[in-house]
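> I'd like to ask you about the structure that follows.
The values are calculated or read from the model by the stated rules, or taken from the named source; none is laboratory data. As the structure is a computational prediction, the values presented were derived from the model and not from experiment. Note that we place each Cβ from the backbone using ideal geometry, even for glycine, and neighbour counts take in every protein chain shown. Keep in mind that these areas ignore ligands, DNA and RNA; they rest on the heavy atoms of the full protein, side chains included. Shrake-Rupley method; radii C 1.70, N 1.55, O 1.52, S 1.80 Å.
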Amino acid sequence: LARQAAALVDSLPDNDLTALCEPLARLGWAEAFLEHYPDAERHAERGLDIARRSGQLYVVPHLLLCLSHVRVQTCRISSALELADQAEDIARGIGSDQLLAFVLASKASALVAGCPPGDPRPLAVAEEAVAAAGTGVDWWASTAWCIFGWASLMAGDPVRARDAMLQ
């Protein structure tokens, strides 16, 4: 289905995709999770260009994080962190705690991949993600807690990691 959606998207000019930036972000994420990294990157970059040109700021962090995720998975960590930093700036400006929790969890994930075990930075960012998620039990909060657990484990605290995962 992702390949069919990609074929449809690829057949459309950018002007026709202006109203489809959110689905374009979802396509990029689907391709990323299917490990179709070149396609995910291409669609996320195209969506990013369209979203920026059309002023759809709210979808830009999702596209940046899709690109960041692909860059982590393809061992381009410094680029992944730059993209996550851009997404963080926008999320803080928008003022959505859910979005900030997701952005910070994604950034912490990139930091875990790029920092040596025991480095305090991934855990600090993951702690902030959990704080931004608050007491929610939604997907955003769950993602933040999972990354917090992973960062805790990589920081050498398996008890805290277990507690985070049980949360």
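> Any residue that is open to solvent by less than 20 Å² (accessible area, probe 1.4 Å) and touching a Phe, Trp or Tyr at 6+ places or on another chain (Cβ under 7 Å) - is there at least one of those in region 111-119?
Yes, region 111-119 contains at least one residue that is open to solvent by less than 20 Å² (accessible area, probe 1.4 Å) and touching a Phe, Trp or Tyr at 6+ places or on another chain (Cβ under 7 Å).
> How about region 136-152: which of its residues are among the aliphatic types (A, V, I, L, M) and either in contact with a Lys or Arg (Cβ under 8 Å, 6 or more places away or on another chain) or within 13 Å of residue 105 (Cβ to Cβ) (or both)? I'd like the intermediate steps shown before the answer.
Our first condition is that a residue be among the aliphatic types (A, V, I, L, M); within region 136-152, this holds for 137, 141, 144, 147, 151.
Within region 136-152, 141, 144, 147, 151 meet the criteria.
> Of the residues 155, 141, 132, which is surrounded by 22 or more Cβ atoms within 10 Å (Cβ to Cβ), in contact (Cβ under 8 Å) with a residue 12 or more places away in the chain and either out of contact with any Leu (no Cβ under 7 Å at 6 or more places or on another chain) or farther than 20 Å from residue 91 by Cα (or both)?
Checking each option against the conditions leaves just 141.
> So which residues in region 110-137 are part of a loop (DSSP other than H, G, I, E, B) and under 23 Å from residue 98 (Cβ atoms)?
Scanning region 110-137 gives 134, 135, 136, 137.
> Let me ask something else about it. I'd like the residue in region 13-25 that is among the charged types (D, E, K, R) and more than 17 Å from residue 67 (Cβ to Cβ) and, out of all such residues, is most open to solvent (accessible area, probe 1.4 Å).
Only one residue tops the list, namely 16.
> In addition: Examine region 68-80 for a residue that is open to solvent by less than 20 Å² (accessible area, probe 1.4 Å), at negative phi and touching a Leu at 6+ places or on another chain (Cβ under 7 Å), and state whether such a residue exists.
At the first step, the residues of region 68-80 found to be open to solvent by less than 20 Å² (accessible area, probe 1.4 Å) are 68, 70, 80.
Add one more test, that the residue is at negative phi, and what stays is 68, 70, 80.
Remaining after also requiring touching a Leu at 6+ places or on another chain (Cβ under 7 Å): 68.
Yes, that holds for at least one residue.
This table checks each residue for (1) over 26 Å from residue 149 (Cβ atoms); (2) touching an Asp or Glu at 6+ places or on another chain (Cβ under 7 Å); (3) open to solvent by 50 Å² or more (accessible area, probe 1.4 Å).
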site	(1), (2), (3)
11	yes, no, yes
27	yes, no, no
39	yes, yes, no
45	yes, no, yes
103	no, yes, no
107	no, yes, no
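> Among the residues of region 86-100, count how many are in contact with a Gly (Cβ under 8 Å, 6 or more places away or on another chain) and open to solvent by less than 70 Å² (accessible area, probe 1.4 Å). First the steps, then the outcome.
So the first thing to find is which residues in region 86-100 are in contact with a Gly (Cβ under 8 Å, 6 or more places away or on another chain), and the list is 97-98.
Now narrow it down to the ones that are open to solvent by less than 70 Å² (accessible area, probe 1.4 Å): none.
Adding up the residues that qualify gives 0.
> While we're here: Does residue 28 satisfy being out of contact with any Ser or Thr (no Cβ under 6 Å at 6 or more places or on another chain) and at pLDDT below 95?
Here the answer is no, as residue 28 does not meet what is asked.
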